[in-house]
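Data block below; observations after.
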Amino acid sequence: METIIYLILIGLAAGFLGGMVGIGGGVIIVPALVLLLGLSQHQSQGISLAMLLFPVGILGVINYYKKGHVDFKYAGLLAVGFLVGSYLGSKFSLSLPQDTVKKVFAVVMILLALKLLFAGKK
């Protein structure tokens, strides 16, 4: 149950930031799956592709799936959260000045980079 909640929250956060500043999949979902759920980098990338890029990333999804790195249940739950989050994030972003949104984007990118650089293994 905890994993399901994490997946929906990760999808919600990625969707919100995607709607707000145009980022999501690789920038939010992959690090969150690695850092919060302890999945491998390959699993995280495969699941992110399956959730977000099915129409344009189908060949990538197939390759990750063949190697056992795609969990479609995880991808589906992330997609549910992402759907709601992207709607809310875009509504919020459009209510803010462009300079504020640009700064939020920059801060998110810096924080994620620092977390990935200095995060220890679980």
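Annotations
- Annotation: the residues Phe72, Phe105, sorted from fewest to most other C-beta atoms within 10 Å of their own C-beta, follow the order Phe72, Phe105.
- Choice from Gly89, Gly26, Gly11 showing the highest fluctuation, given a GNM over the chain with Cα pairs closer than 10 Å: Gly26
- Rounded to the nearest 20, the Cβ-based charge dipole of segment 2-118 about its Cα centre (Lys and Arg +1, Asp and Glu -1) stands at 120 debye.
- Karplus-derived HN-Hα couplings along segment 36-50 (A = 6.51, B = -1.76, C = 1.60, θ = phi - 60°), whole Hz, x at Gly and Pro: 8, 10, x, 6, 6, 4, 5, 4, 4, 5, x, 5, 4, 4, 5
- With the charge dipole of the chain set up from +1 on Lys and Arg Cβ and -1 on Asp and Glu Cβ about the Cα centre, the Cα lying farthest toward the positive end among the listed residues Phe82, Ala113, Leu17 is that of Ala113.
- Virtual paramagnetic centre 7 Å along Cα→Cβ of Gln98, amide N under 19 Å, in segment 1-31: 19-23
- Under a Gaussian network description of the chain, with springs only between Cα atoms under 10 Å, the residue in Leu77, Leu96, Leu49 that fluctuates furthest is Leu96.
- FRET E, pair Met109, Met1, Förster distance 30 Å, beta-carbon r, rounded to 0.05: 0.40
- The chain - mean residue ellipticity at 222 nm from DSSP helices (-39,500 (n - 2.57) per run, n ≥ 4, rounded to 500): -26500 deg cm²/dmol
- Nearest-0.05 FRET efficiency for Ser40 and Ala119, computed from C-beta distance (R0 22 Å): 0.95
Read the figures in this text as sums done on the coordinates, not as results from a lab. Worth saying up front: this structure is predicted, and the values here are computed from it rather than measured. Glycine gets a Cβ as well: all are built from the backbone with ideal geometry, and neighbour counts include every protein chain shown.
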